[in-house]
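Here the structure is laid out as structure tokens; the discussion comes afterwards.
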Amino acid sequence: MRTAYSVEKVRAAERDLMARLPDGALMQRAAAGLAVACADLLGRVYGSRVVLLVGSGDNGGDALYAGARLARRGAGVRAVLLTPERAHQGGLAALRAAGGRVSADPRADIGRADLVVDGIVGIGGKGGLRPEAAELAEAARARTVLAVDLPSGVNADTGEVDGTAVRADATVTFGAYKPGLLIDPAREYVGALRLVDIGLDLPDEADVTALQHADVAALLPVPAADSDKYRRGVVGVVAGSARYPGAAVLSVSGALRGGAGAVRYVGPGGDAVIAAHPETLVHAGPPSKAGRVQAWVIGPGLGDNEAAMADVLASDVPVLVDADGLRYLDPARLRARTAPTLLTPHAGEAAALLGAAREEVESARLHAVRELASRYGATVLLKGSSTLIADPEGAAVRVNPTGTGWLATAGSGDVLSGLAGSLLATGLAPLDAASAGAYLHGLAARRAAEKAVPLTACDVAAALPGTWHSLAD
Ligand SMILES: NC(=O)C1=CN([C@@H]2O[C@H](COP(=O)(O)OP(=O)(O)OC[C@H]3O[C@@H](n4cnc5c(N)ncnc54)[C@H](O)[C@@H]3O)[C@@H](O)[C@H]2O)[C@@H](O)CC1
Ligand SMILES: Nc1ncnc2c1ncn2[C@@H]1O[C@H](COP(=O)(O)OP(=O)(O)O)[C@@H](O)[C@H]1O
Ligand SMILES: [K+]
């Protein structure tokens, strides 16, 4: 599991460690890791041209000490000082002693640089970049840029970007991942992300986590020798309408590949579902008369069907609500349920649920997903380029590390709803079902996109079994 910690927690861990170490030891550890990453990017250090963008805090200090290390290995290093009188004095002295210099002509030096090191601002940043810092960030656009701790201008805690930020090819972060490095829009600015261990002792509870292969493999249900289809879990899918029959087929295609032993489809699309997936049990409805299930999925292509929503929400099993189903949500009704509810909105649906604009959700995704989970008393999976999952108890938010822009294709969300609902029916907790589902879905899309693009939602569903198998290996 990849863990990310808020600035407050990183600062606290740094304070504890600094109290036990000689002055400047942590910065030396950071600078050493940074210099190695610079050398990796440069390929050949000797004779290379490196420009350091140096702000007035310790982030600039890291850049200066790393620059000194590179200068000692024969790089031509120039420092651009944003506020010369406040630049890190020890770092500047080290750079000078190693043969580096302060730039007399920043624009020309940046224009010639093989590598620009962004030490403008780190976790001490407040608000959008100041104009002179923003100008440097723009000037560095065309060069190879390595960001120190985080790309200057992105919010370390939230992933929000206020105005101009440095666009890095790579980022070296110290001690712990920061949430913003993993969440869009900031994630777009990070490039290849590397963590340098500086020995911080971090608390058990992270603010944001990202499941990795092994975590997901451990969650996926595997049938036991004595399993039968009912014990593996039955998932019910209430989806599709005369207008959107395809949504029913797609949601069922995901549900069939989510580990449940059987899929019940309830709605008017039974013929289309059976034609595509003859293994499905179909029923015209209402859902409460269709037979026992261990979890419901409701909403994809459902159209106006408030009665089906009320029927499903009255059940005592976990319910995943997607798409059209999200139009009928009442927080008090969800809180009164005896079993958990999982909501899977995209940014537009999330905006409607919050009474906000879509842009507000997209620019502050972490805030939006936490707010939805707490307001609706449900687990919420916010879809998009960095899918986030929050639970109503305020546990660490999960960010999904898989996926590809090719997933932005009609119907791929319907596949995800069936898949995550099927995992719910196998007995996974909503947070795990949602994050394992998003992980499998994103990985299946990536694997399919390696073979052929453009992807269709059917391609994603078809790639799920191979993906599942690759994880279980
Ligand atoms: N505290 C520690 O133990 C360690 C800190 N390290 C480095 O220190 C950094 C934090 O250092 P600081 O606390 O000095 O803070 P920073 O260097 O991140 O930023 C503070 C400085 O940036 C300026 N600034 C703030 N917002 C700005 C904006 N929007 N536009 C332009 N300038 C802005 C402030 O005036 C201040 O001088 C970390 O990100 C990391 O790079 C590392 O050396 C590892 C050890
Ligand atoms: N730019 C993107 N990068 C990665 N994944 C994306 C991107 N845009 C959308 N997705 C994913 O594609 C799926 C689309 O779902 P959704 O918006 O519900 O579409 P639909 O309703 O057509 O099925 C979600 O899993 C979402 O996370
Ligand atoms: K930086």
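The values are calculated or read from the model by the stated rules, or taken from the named source; none is laboratory data. Everything numeric in this text was worked out from a predicted model, so none of it was measured. Here the Cβ is made from the backbone with ideal geometry for all residues, glycine too, and neighbour counts use every protein chain on show. Just so you know, the surface numbers come from the protein's heavy atoms only, side chains and all, with ligands and any DNA or RNA stripped out. Shrake-Rupley method; radii C 1.70, N 1.55, O 1.52, S 1.80 Å.
For the reader, a short list of remarks on this structure follows.
- Prolate/oblate/rounded call for segment 152-269, Cα gyration tensor, a/c under 1.5 rounded: oblate
- With the gyration tensor restricted to C-alpha atoms of segment 202-323, the semi-axes of the equivalent ellipsoid amount to 28, 18, 14 Å, longest first.
- Subtracting the Cα-Cα distance of Lys229 and Ala25 from 0.36 nm times their residue separation leaves 67.5 nm of extension gain.
- The shape of segment 213-472 comes out rounded: with a ≥ b ≥ c from the C-alpha gyration tensor, a/c is under 1.5.
- Net lengthening on full extension, Val453/Ala307 (0.36 nm per residue, minus Cα-Cα): 48.6 nm
- Segment 136-167 and segment 1-44 have Cα centres lying 18 Å from one another.
- Placing R0 at 56 angstrom, the Cβ-Cβ distance between Ala32 and Lys289 gives a FRET efficiency of 0.25 after rounding to 0.05.
- Taking the convex hull of the alpha carbon positions in the chain and averaging its projected area over all directions gives 24.2 nm².
- Relative contact order, percent, segment 2-207 [alpha-carbon distance under 8 Å, six or more residues apart]: 22
- Segments 300-311, 315-326 sorted - mean Cβ within 10 Å per residue, highest first: 315-326, 300-311
- Mean separation of Cα contacts under 8 Å (6+ apart) over length of the chain, as relative contact order %: 12
- For peptides 103-109, 144-150, sequence by mean Cβ density within 10 Å, most packed first: 144-150, 103-109
- Computed lengthening from Thr83 to His367, 0.36 nm per intervening residue step minus Cα-Cα distance: 98.9 nm
- Under 14 Å, Cβ to Cβ, from Gly303 - net charge with Lys/Arg +1 and Asp/Glu -1: -3
- Residue-averaged 222 nm ellipticity for the chain, from DSSP H runs of 4+ at -39500 (n - 2.57), nearest 500: -12000 deg cm²/dmol
- Summary of the geometry: segment 97-129 and segment 432-453, compared by the centres of their Cα atoms, lie 39 Å apart.
- Span-rule helices in the chain, defined as complete DSSP H runs reaching 15 Å or more along the axis (Cα) with Kyte mean at least -1.0: 7-18, 25-42, 58-72, 245-255, 365-376, 412-425, 430-451, 457-472
- Percent accessible area from carbon and sulfur atoms, segment 138-214, protein chains only, probe 1.4 Å: 41
- Magnitude of the charge dipole for the chain, about its Cα centre and with charges confined to Cβ atoms of Lys, Arg (+1) and Asp, Glu (-1), is about 920 debye.
- In this rough spin-label picture, where each label sits 7 Å from Cα along the Cβ direction, the Ala242-Glu359 distance is 4.0 nm.
- Per-pair calculated FRET efficiency, R0 = 60 Å: Arg333 and Arg130 via Cβ, rounded to 0.05: 0.80
- For the peptides 88-99, 112-123, 46-57, the ranking by packing is 112-123, 46-57, 88-99, with the highest mean count of neighbouring Cβ atoms within 10 Å listed first.
- Of Leu381, Ala139, Leu202, farthest towards positive along the dipole that unit charges on Lys, Arg, Asp, Glu beta carbons give the chain: Ala139
- The residues of segment 315-395 present an accessible area of 38 Å² per residue when probed at 1.4 Å with all protein chains retained.
- Computed from backbone phi with θ = phi - 60° and the Karplus coefficients 6.51, -1.76 and 1.60, the 3J(HN,Hα) list for segment 284-300 is 7, x, x, x, 5, 9, 7, x, 5, 9, 9, 6, 10, 10, 9, x, x Hz; x is used for glycine and proline.
- Å² per residue, accessible surface of segment 112-162 at 1.4 Å: 39
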